[in-house]
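Here is the structure we will look at, set down as structure tokens.
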Amino acid sequence: METPWYLDPKAMAPKTRFSEAMARYCEEAWARYGVPKGDIFGPSRTSRHYHARRHVWAKMREELGMSYPQIARATGSYDHTTVLHAVRALRGDAAIDRKRERQAASYKRMRVDRISVEQVRISIEG
């Protein structure tokens, strides 16, 4: 007799992988933002909840390759454009952080170069 699909471990594998991944992403968000796992997708609009939600959504998009509508359906009553804007905002924040790091490194190099020029000028004149 053939095993029913709902008892077949191979048929359940994608859903299990998804559940394990979601649990891991929620655990990361809880550790990073301090939002309890059960509250991440609740109705709260506080900054902590928003950042935790978009962290999980971005992970789902990047690591699981899910579309925005799939993510919205999987995580509750969210519109796919809400997910889209949150993920883009997270990418934008990361890009801004990278830009700030580059600027800081550039300013540091400029400062070192300026100090070197001043030391050379002092040694030549002095």
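The values are calculated or read from the model by the stated rules, or taken from the named source; none is laboratory data. What you are looking at is a predicted structure, and each value in this text was computed from that prediction instead of being measured. Using ideal geometry, Cβ is built from the backbone for each residue, glycine included, and neighbour counts are taken over all protein chains shown. Side chains included, ligands, DNA and RNA excluded: accessible areas come from the protein's heavy atoms. Shrake-Rupley method; radii C 1.70, N 1.55, O 1.52, S 1.80 Å.
Here GLU101 fulfils each of the conditions (1) at pLDDT below 85; (2) open to solvent by less than 80 Å² (accessible area, probe 1.4 Å); (3) more than 19 Å from ALA29 (Cβ to Cβ) apart from (2). Just the residues that are over 17 Å from TYR78 (Cβ atoms) and in a helix (DSSP H, G or I), please, taken from region 19-36. Scanning region 19-36 gives SER19, GLU20, ALA21, ALA23, ARG24, GLU27, GLU28, TRP30, ALA31, ARG32, TYR33. Within region 56-79, the set of residues being under 16 Å from ALA94 (Cα atoms) and open to solvent by 20 Å² or more (accessible area, probe 1.4 Å) comprises LYS59, ARG61, GLU62.
Of the residues examined, ILE96 is not one that is loosely packed, with under 10 Cβ neighbours inside 10 Å, among the hydrophobic types (A, V, I, L, M, F, W, C), part of a helix (DSSP H, G or I) and at pLDDT 60 or above. Residue count for region 24-57 under the criterion of being of a type outside the set (D, E, K, R) and touching a residue at least 12 places away in the same chain (Cβ under 8 Å): the result is 16.
Taking the conditions exactly as written (at pLDDT below 90 and either open to solvent by 50 Å² or more (accessible area, probe 1.4 Å) or acidic (Asp, Glu) (or both)), does SER44 satisfy them or not? For SER44, the condition - at pLDDT below 90 and either open to solvent by 50 Å² or more (accessible area, probe 1.4 Å) or acidic (Asp, Glu) (or both) - is not met. Give the residues of region 42-62 that are in a helix (DSSP H, G or I) and more than 15 Å from VAL83 (Cβ to Cβ), sorted by residue number. Selection gives SER47, ARG48.
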